[in-house]
Amino acid sequence: MAMVRPPGGTRPRLLEAAVGLMAEGGWFAVTSEGVAERAEANEALVTYYFGTLDNLRRAAIAHTLESELEAPVLAILQAENALDGLVVAIAGLAAEGPSVGQRVLVESMSQGLRDNDLRAQTAAQFQTFRNLLADRLSEDQACGLVRADATPVALADLFAALIDGLLLHRLADPQFDAARPAIALAELLRRGPCAVNGDFRDGPRPTGHYAGSLMGS
């Protein structure tokens, strides 16, 4: 029986093949022969589309980062407020476990220490994410949903770093609850009373889809 070629155009198939190989074996596991074989494409097309292997590897990481950030960005932009969206985004990423995309992102952090072009590419993508987050936090602050004394740009930097840090803890310890610290920080940044050991002083207990987690129920 003839093998069925993976769907999609040649370039996307090459990218997906490179992502899979990198997740399995790291940066240097991505070879022209291996990518072409997995993508069921002519090996010469790797050079045609990407020029060099390092260009392909960088493109695979950019593709992965874009895909991995899509869900958090949508969660933040579509939520009733950015803080709820951030908690949902972090919980969703943590629930995936060590996914292919997360393995590739860890590889990108390591390789970026030795590859200035890769580091600059990754930094630009993270900056775009932080800018989107800062804009949404500014909108929410104007509506009274975020503390008035908070700085949206600094909060965006904080939450972007928080996502990375919590994911690393989750990858190292599958039992780690990445959503719990995100929930605690989000509550501190809300307008109105803050919880101290579960006691919401001078105000009602919070409601919402994660209030039960915050209260430990």
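The values are calculated or read from the model by the stated rules, or taken from the named source; none is laboratory data. Computed from a predicted structure; not experimentally measured. Neighbour counts run over all protein chains shown; Cβ positions are idealised from the backbone, glycine included. What goes into the accessible areas is simple: the full protein's heavy atoms, side chains included, and nothing from ligands, DNA or RNA. Shrake-Rupley method; radii C 1.70, N 1.55, O 1.52, S 1.80 Å.
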S110 paired with N131, simple spin-label distance in nm, labels 7 Å along Cα-to-beta-carbon: 3.1 nm
Apply the Debye scattering formula to the range 19-166, with a single equal point scatterer on each alpha-carbon and no solvent, then give log10 I(q)/I(0) at q = 0.09, 0.14, 0.17 Å⁻¹. -0.35, -0.73, -0.95
Loop-only check: which trypsin sites (Lys or Arg not before Pro) in the range 70-146 are DSSP coil with at most 14 other Cβ within 10 angstrom? R114
Given the protein chains as shown and a 1.4 Å probe, how many square angstrom of D177 are accessible, to the nearest 10? 70 Å²
So if R0 is 30 Å, what FRET efficiency would D177 and A71 give, r being the distance between their Cβ atoms, rounded to the nearest 0.05? 0.95
Below 8 Å between Cα atoms, with a sequence gap of 6+, how large is the relative contact order for the range 55-109 in percent? 39 percent
For the range 39-99, what % of the accessible area comes from carbon and sulfur atoms, probe 1.4 Å? 54 percent
Please give the per residue accessible area of the range 1-115, computed with a probe of 1.4 Å over protein heavy atoms only, in Å². 51 Å²
In whole Å, what is the distance between the alpha-carbon centres of the range 100-165 and the range 45-69? 21 Å
